[in-house]
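Working notes, beginning with the structure itself.
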Amino acid sequence: MKMVRDYLNKPAKEIQKGIKSYEKQIAIHQEKIENPSKFIPHWDDLHPERQHALINKKWPTEIQCYTEQRDVLQSILNERLN
């Protein structure tokens with residue numbers, strides 16, 4: 001995994017910054033699910049299938065991806081601290 005290679009030799013501070021960045025993206029995507037019209041102009045004009053796909057597929061998938069990447073960085077950091 002390229003991301004792991006990229007972060008293995010980075011300072012702990014940079015890894016922590018990466019973790020915070022992923023956490024921010026997770027929070028943004030959770031907010032998108034809760035309040036999509038805040039992020040997508042004319043949300044109510046989107047086709048219901050498109051709305052459904054964003055709320056139930058695209059954004060949750062992105063949250064899962066960000067969560068996995070955050071967890072990888074956290075385990076790199078934990079390995080260093082132990």
Query raised in the report: Could we say that Arg5 is of a type in the set (Lys, Arg), part of a helix (DSSP H, G or I) and at pLDDT below 95 here?
Result: yes
Query raised in the report: Within segment 22-37, can you find the residues that are assigned to a helix (DSSP H, G or I), without any contact (Cβ under 8 Å) to a residue 12 or more places away in the chain and not acidic (Asp, Glu)?
Result: Lys24, Ala27, Ile28, Ser37
Report summary line: When restricted to Ile55, Ile19, Ile40, Ile63, the only residue part of a loop (DSSP other than H, G, I, E, B), aliphatic (A, V, I, L, M) and either loosely packed, with under 13 Cβ neighbours inside 10 Å or at pLDDT 95 or above (or both) is Ile40
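The values are calculated or read from the model by the stated rules, or taken from the named source; none is laboratory data. Here the structure is a predicted model, which means the values were calculated and not measured. Glycine gets a Cβ as well: all are built from the backbone with ideal geometry, and neighbour counts include every protein chain shown.
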